[in-house]
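Here, each number is a calculation from the coordinates, and none is a lab measurement. Keep in mind that what you see is a predicted model, and the values were worked out from it rather than measured. Cβ coordinates were reconstructed from backbone atoms using ideal geometry, including for glycine residues, and neighbour counts include every protein chain displayed.
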Amino acid sequence: MTPTTFLRTDSDNPDFQKLVALLDQDLAIRDGAEHAFYAQYNKINMIKHAIIAYRADEPVGCGAIKQYTDDTMEVKRMYVLPEYRGQGIAAEILGELEKWADELGYAACVLETGKKQPEAIRLYQKSGYTVIPNYGQYVGVDNSVCMTKQLSEP
């Protein structure tokens with residue numbers, strides 16, 4: 001199997017932008033009428049910490065983190081091309097994002113995913129995330145599932 005390599009970049013990277021466009025197409029189908037609500041919180045301009053996963057120089061997945069609080073990063077824009085799913089790439093991307101957040105001095109990560117994304121929920125739970133009450137703009141949103149993981153001692 002071709003090894004996965006990772007590039008730390010930002011939201012200006014064309015490969016990241018291409019993968020996020022595919023993610024948004026997928027989410028528009030899954031979320032249906034609720035997609036517009038979520039889309040307003042998923043803008044990628046100004047993201048300073050994005051990771052792209054490559055297999056044989058082909059971009060196959062991505063993820064990003066952005067500051068949520070002084071000691072917490074929020075995981076955003078996780079996506080793997082359908083033909084590469086089930087190979088552990090998403091878990092690798094998540095691990096790289098957590099490592100980067102830790103290197104930057106953040107003690108925890110939070111994230112929001114949707115009930116219509118059961119594979120994402122399973123990934124996060126297998127990676128040590130626990131469900132928390134919905135935060136921020138997701139309070140009271142029935143489809144949202146919010147999670148957290150402690151990276152280091154606060």
Check: Given R₀ = 30 Å, FRET efficiency for SER152-GLN87 by Cβ-Cβ distance, to 0.05?
Finding: 0.60
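Between beta-carbons, use under 14 Å as the cut-off and find the net charge around VAL80, counting Lys and Arg +1, Asp and Glu -1. Please report the intermediate quantities before stating the final value.
Values: positive: LYS18, ARG55, ARG77, ARG85, ARG122; negative: ASP15, ASP26, GLU58, GLU83, GLU92, GLU96, GLU119.
Every neighbour counted, the sum reads -2.
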Notebook entry, point to check: Under 5 Å between amide H atoms, partner at least 5 residues away or on a different chain: which partners does ASP10 have, H built in plane at 1.01 Å?
Noted result: ALA50
Checklist line | Matching label, Cα extents along the principal axes in Å computed from the structure shown, candidates (1) 43, 36, 29; (2) 42, 40, 29; (3) 51, 40, 30 | finding: (2)
Item checked: VAL60 long-range amide H proximity, modeled H, under 5 Å -> ALA53, TYR54, ARG55
Check: Given labels modelled 7 Å from the Cα in the Cβ direction, how far is it in nm from THR5 to GLU58?
Finding: 1.6 nm
Margin query: How much length would be gained if the chain were fully extended between GLN17 and SER127, taking 0.36 nm per residue of separation minus their Cα-Cα distance, in nm to one decimal?
Written below: 37.1 nm
Note to self: Taking θ = phi - 60°, what integer Hz values does the Karplus form 6.51 cos²θ - 1.76 cosθ + 1.60 yield along the range 108-119, in sequence order, with x for Gly and Pro?
What the structure shows: 8, 10, 10, 7, 10, 9, x, 4, 7, 10, x, 5
Item checked: Cα→Cβ-extended label distance, 7 Å offset, between ASP102 and GLN137, nm -> 3.0 nm
